[in-house]
Amino acid sequence: SSLPLDGLDLRERTARVHGKGDKERVVPVGRPAATALERYLSAARPLLAARADDPGRAGPGAPPPASEPPTAGSDASVLFLGNRGGPLGTHTVYRLVARELEAEPGGGPRGPHTLRHTAATHLLDGGADLRVVQEMLGHSSLASTQVYTHVSTERLAESYRQAHPRA
């Protein structure tokens, strides 16, 4: 689902998101992301929103239209807009993230869920409390979140084997 525009609080650096089963949670927005969002909101988003009101505005040299069907008027309630000014579709987001992750090492699926998995693993590697990560991910069961502790433990064991002279 889309991130609602009113779900973003740049002053507090948080975003209120809805996940599976319409679960709502508040997640932190890092300083670099907040800065990028401020630039997007002041410069890019107004231009994209104007395209929904005037589809011919894109003009020559503009990026190709997004794969989403055109929408009637901009959707003022969503944060991210596509090239035509309508809400950015989930398939487009998946393709964009997958393309950006293409050059990164490692196997497996590459998409937005990879970012979620990576963030959870890094939080746990950095000492975050398992319950905090559970809340952030929106898991109803702690067992679902504990999967990430296995990844962190494996990474720690591998680092130990590489660094310790008698491992």
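Comparison of 50, 36 shows that the only residue that is more than 30 Å from residue 119 (Cβ to Cβ) and at pLDDT 90 or above is 50. For region 11-29, a residue qualifies if it is free of Cβ contacts under 8 Å to residues at least 40 places away in the same chain, open to solvent by less than 40 Å² (accessible area, probe 1.4 Å) and either in a loop (DSSP other than H, G, I, E, B) or over 20 Å from residue 123 (Cα atoms) (or both), and exactly one does: 29.
Whether a residue is modelled with pLDDT under 85, closer than 19 Å to residue 6 by Cβ and assigned to a loop (DSSP other than H, G, I, E, B) was assessed, and residue 73 passes this test. Among the residues of region 99-126, those identified as over 25 Å from residue 21 (Cβ atoms) and either outside any loop (DSSP other than H, G, I, E, B) or modelled with pLDDT of 85 or more (or both) are 99, 100, 101, 122, 125.
The values are calculated or read from the model by the stated rules, or taken from the named source; none is laboratory data. Source: prediction; values computed, not measured. Positions of Cβ are generated from backbone atoms using ideal geometry, with glycine treated the same way; all protein chains shown enter the neighbour counts. All accessible areas refer to the heavy atoms of the entire protein, side chains included, with ligands and DNA or RNA removed. Shrake-Rupley method; radii C 1.70, N 1.55, O 1.52, S 1.80 Å.
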